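Novice: My structure is below; once you've seen it, I'll send some questions.
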Amino acid sequence: MRENPVHHTRCLKLTVAYDGTRFVGWQRQAEGESIQGLLEEALARLEGAPVTVHGAGRTDAGVHALGQVASARVTFTHDTATLARALNAQLPQDIRVVDVADAPADFHARFSARSKTYRYGLRISPVADPFDRAYVWHVGAGLDVDVMRQAAAVLAGTHDFAAFQSTGGETSSTVRTVFRSELVSHPGGADPVARFPLPCGADPLARRSWASEVGVGPRECLAYEITGDGFLRHMVRAIVGTLVEIGRGRRPATTMAELITRGTRADAGATAPAHGLFLVRVDYD
């Protein structure tokens, strides 16, 4: 009598990049396409059975990723290079699996993560650039960047970030540790590829030409970068919204210290638009 083959489960670690413009976000929803849902469908075709994919960060609708990490448990035996090609052949072009690796059995994209890095793009210019409208928040001119930079630095450390959490977040504590909170400035025409690959570094010569052709005046790309052990719902976007209000002179730089001491969400600034936010990297032990 022939025995049935034994199928051993393996844990996969997927690194994924995506343009979040048209998606409902990372997480599966009752309606609309999600990154998680499309990855699960692609893996299920290879597995011949449903597959659950866990992401390191549940990015919202319109939010992008350069280095989202996902984990999944499967039984098929495709090598990782073949698997990456197979997944990309099934996925739409605005989602790419940039790396596949076998991970330890207990690896979980979210719970094994030690830190995440997010980047938010701001464009300071009298006229919005139509070529980066889906990737940066155009905030016009007149921001005091030095004051914004001072305010951003206050957030480094372990604090209660309740003032930057939107309603609906699933968490038992609003205390988080921020390892780095920095506003990086890139003058218009400079090449910021190393620190801000999208969209400001896409074609710096073409952008300089566009600015000079239409005579829009000084242009500057800012990137707010934050690394922490975890983030609350809309936390980064609420921080950016508050920083912009500080830069516009609508609130003092001391606001940040007050917010992490005793602030509520009503005390902080407006939530910045989703399209300027990128999940850049997830780090593990």
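Novice: Let me spell it out: the conditions are (1) crowded, with 21+ Cβ neighbours inside 10 Å; (2) in contact with a His (Cβ under 8 Å, 6 or more places away or on another chain); (3) assigned to a loop (DSSP other than H, G, I, E, B), and residue 155 meets all of them except one. Which number is the exception?
Specialist: (2)
Novice: Mind checking which residues of segment 1-31 are modelled with pLDDT under 95 and surrounded by fewer than 16 Cβ atoms within 10 Å (Cβ to Cβ)?
Specialist: Those that are modelled with pLDDT under 95 and surrounded by fewer than 16 Cβ atoms within 10 Å (Cβ to Cβ): 1, 2, 3, 4, 5, 6, 7, 8, 9, 29, 30, 31.
Novice: Given the criteria in the same structural domain as residue 24 (by TED's automatic domain parsing), under 22 Å from residue 222 (Cα atoms) and in contact (Cβ under 8 Å) with a residue 40 or more places away in the chain, does residue 62 qualify?
Specialist: Yes: the conditions hold for residue 62.
Novice: Here is a follow-up. If a residue must be in a loop (DSSP other than H, G, I, E, B) and in contact with a strand residue (DSSP E or B) (Cβ under 9 Å, 6 or more places away or on another chain), how many such residues does segment 136-150 contain?
Specialist: Number satisfying all stated conditions: 6.
Novice: From the set of residues in segment 163-173 that are modelled with pLDDT under 95 and more than 18 Å from the chain's Cα centre (by Cα), which is surrounded by the most Cβ atoms within 10 Å (Cβ to Cβ)?
Specialist: Only one residue fits best here, namely 171.
Novice: Follow-up question, since we're still on this one. Quick one: would you say residue 105 is hydrophobic (A, V, I, L, M, F, W, C), surrounded by fewer than 19 Cβ atoms within 10 Å (Cβ to Cβ), farther than 18 Å from residue 65 by Cα and out of contact with any Phe, Trp or Tyr (no Cβ under 6 Å at 6 or more places or on another chain)?
Specialist: Spelling it out, residue 105 is indeed hydrophobic (A, V, I, L, M, F, W, C), surrounded by fewer than 19 Cβ atoms within 10 Å (Cβ to Cβ), farther than 18 Å from residue 65 by Cα and out of contact with any Phe, Trp or Tyr (no Cβ under 6 Å at 6 or more places or on another chain).
Novice: Checking residue 120 against (1) in contact with a Leu (Cβ under 6 Å, 6 or more places away or on another chain); (2) within 20 Å of residue 10 (Cβ to Cβ), only one condition comes out false. Which one?
Specialist: (2)
Matching residues to (1) over 21 Å from residue 134 (Cα atoms); (2) out of contact with any Cys (no Cβ under 6 Å at 6 or more places or on another chain); (3) surrounded by 17 or more Cβ atoms within 10 Å (Cβ to Cβ); (4) not β-branched (Val, Ile, Thr):
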residue: 45; (1), (2), (3), (4): yes, yes, no, yes
residue: 59; (1), (2), (3), (4): no, yes, yes, no
residue: 72; (1), (2), (3), (4): yes, yes, yes, yes
residue: 81; (1), (2), (3), (4): yes, yes, no, yes
residue: 98; (1), (2), (3), (4): yes, yes, no, no
residue: 115; (1), (2), (3), (4): yes, yes, no, yes
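Novice: For segment 32-43, name all the residues that are assigned to a helix (DSSP H, G or I) and either buried (at least 16 other Cβ atoms within 10 Å of the Cβ) or of a type in the set (Lys, Arg) (or both).
Specialist: 35, 36, 37, 38, 39, 40, 42, 43, listed by residue number.
Novice: Let me ask something else. Any idea how many residues of segment 107-136 are touching a residue at least 12 places away in the same chain (Cβ under 8 Å) and under 30 Å from residue 284 (Cα atoms)?
Specialist: 18
The values are calculated or read from the model by the stated rules, or taken from the named source; none is laboratory data. Note that this is a predicted model, so its numbers are computed, not measured. All Cβ positions, even for glycine, are placed from backbone atoms using ideal geometry, and neighbour counts span all protein chains on display.
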